[in-house]
Amino acid sequence: MPDLQRPAPPVSDATDYIRHVVRLDLDKTYLRSEFDTLQDLVKSAFEPAAQKKAFPGASALLRALRQNEGCRICIVSGSPTQMRQVLAAKLRLDGIEYDEFVLKNNLRNLLRGRLRAVRAQVPYKLPALLASRVAMNTVAPETLFGDDAEADGIVYSMYADILAGKLPLDELERVLEAARAYEDEVALTMDLARKIVHQDSVKRVLIHLDQRSPTATFTRFGARLIPIYNYFQAALILYGDGVLSARQVLFIAQEMLSEFSIAMLANSLQDLLRRGRLAVDVARRLADEAAEAARSGALSGARDLPPFDQIAHVFRDRVRHLGGAPPLEWPAEHPVLDYVSMVDAEHDERREKKRSRVRNRRR
């Protein structure tokens, strides 16, 4: 069961006015984490906050989102509750303010002999997301961040469809059974789903490709879910959604230039254009607005960087390169997903990975 009763206290009065909700996982989404073996878990548990590394641009993106009026940041992580102190310290070091911080109480699961719950994600994350939404009592739009290492794409899409009233309760119950949820997990999730005020609120799901899964794997989820290779791509998508300004996008790029070149960022822009995930006119508008911000001095104070008009020029070149490419057509309506089959397949894949690790250890 998720640690729903002890969320971190709000660090601001953001609950007074909620305009936008940002939800994210930590491991493999925000933090560079390895959790594939017990040794990895032990290493991560004893690693101090200063040694934990966030993905380039991730902290800048969250800080930019936090600047927006009425933005609420909620973290739902599969990390154990015993890591709360070190993870909170890492977020403080990165300058990240958050309103909720839910972790997985795996020690309680182990003590109660609930071994299925240790690895299962759907019965943990889905009620945690629903409980947060019910407590907020809002219909504000949401942006969700996850990764391709677990079932985030499935969980987030289910959550979005529950909010929109598109996932019938009887089907939800079948999905939870397919996810091998315990009876109390099923009861809690069903109760929370009944309390939801229906609104098509999840506007975007961004899946960080930590495992470099093929992007085509996620086509079945429709236009709402976009796989990304890095957080500059996330910033570009959110600019297109009207969530971030051009100035914010370029300051996120600034942080990433410690590990990315301008050409690499331009390649990331081009990749989104090629995949039809970013409209050419949106990219062109970003380049124009970035150049104007650089000329006006709005981006002054940036240190050790090429001129921002140079960055805008590189972006313009990439947009022109694909300017005539026809965009991919996405249906206006989100597809109807067979969650039971998807959860079954995810469970089988997770079980096969476990068997593979056991075989490798025996060699």
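Read the figures in this text as sums done on the coordinates, not as results from a lab. What you see is a predicted model; the values in this text were computed from it and never measured. Cβ coordinates were reconstructed from backbone atoms using ideal geometry, including for glycine residues, and neighbour counts include every protein chain displayed.
Listed values, structure above:
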{"item": "Fewest-first ranking of LEU65, LEU26, using other Cβ atoms within 10 Å as the exposure measure", "result": "LEU65, LEU26"}
{"item": "Amide proton proximity set for LEU206, modelled H, under 5 Å, gap of 5+", "result": "LEU144, PHE145, GLY146, ILE226"}
{"item": "Residues VAL186, VAL175, sorted so that the one with the fewest Cβ neighbours within 10 Å comes first", "result": "VAL186, VAL175"}
{"item": "Stretchable slack from ASP200 to ARG284, in nm (0.36 nm times residue separation minus alpha-carbon distance)", "result": "27.3 nm"}
{"item": "Among 160-173, 106-119, the order from most to least packed when residues are scored by Cβ within 10 Å on average", "result": "160-173, 106-119"}
{"item": "Qualifying trypsin sites (Lys or Arg not before Pro) in the stretch 201-256, DSSP loop, other Cβ atoms within 10 Å at most 10", "result": "ARG212"}
{"item": "Kirkwood Rh in Å, taken over all unlike Cα pairs in the stretch 222-265", "result": "11.0 Å"}
{"item": "Ranking of GLU349, GLU142, GLU289 by count of other Cβ atoms within 10 Å, fewest first", "result": "GLU349, GLU289, GLU142"}
{"item": "Distance (nanometres) between label positions extended 7 Å along Cα→Cβ at ALA50 and ASP344", "result": "5.2 nm"}
{"item": "Contour minus Cα-Cα distance for ARG19 and LEU107 (0.36 nm per residue)", "result": "28.1 nm"}
{"item": "Whole-angstrom gap from the stretch 41-111 to the stretch 199-256, using each part's C-alpha centre", "result": "20 Å"}
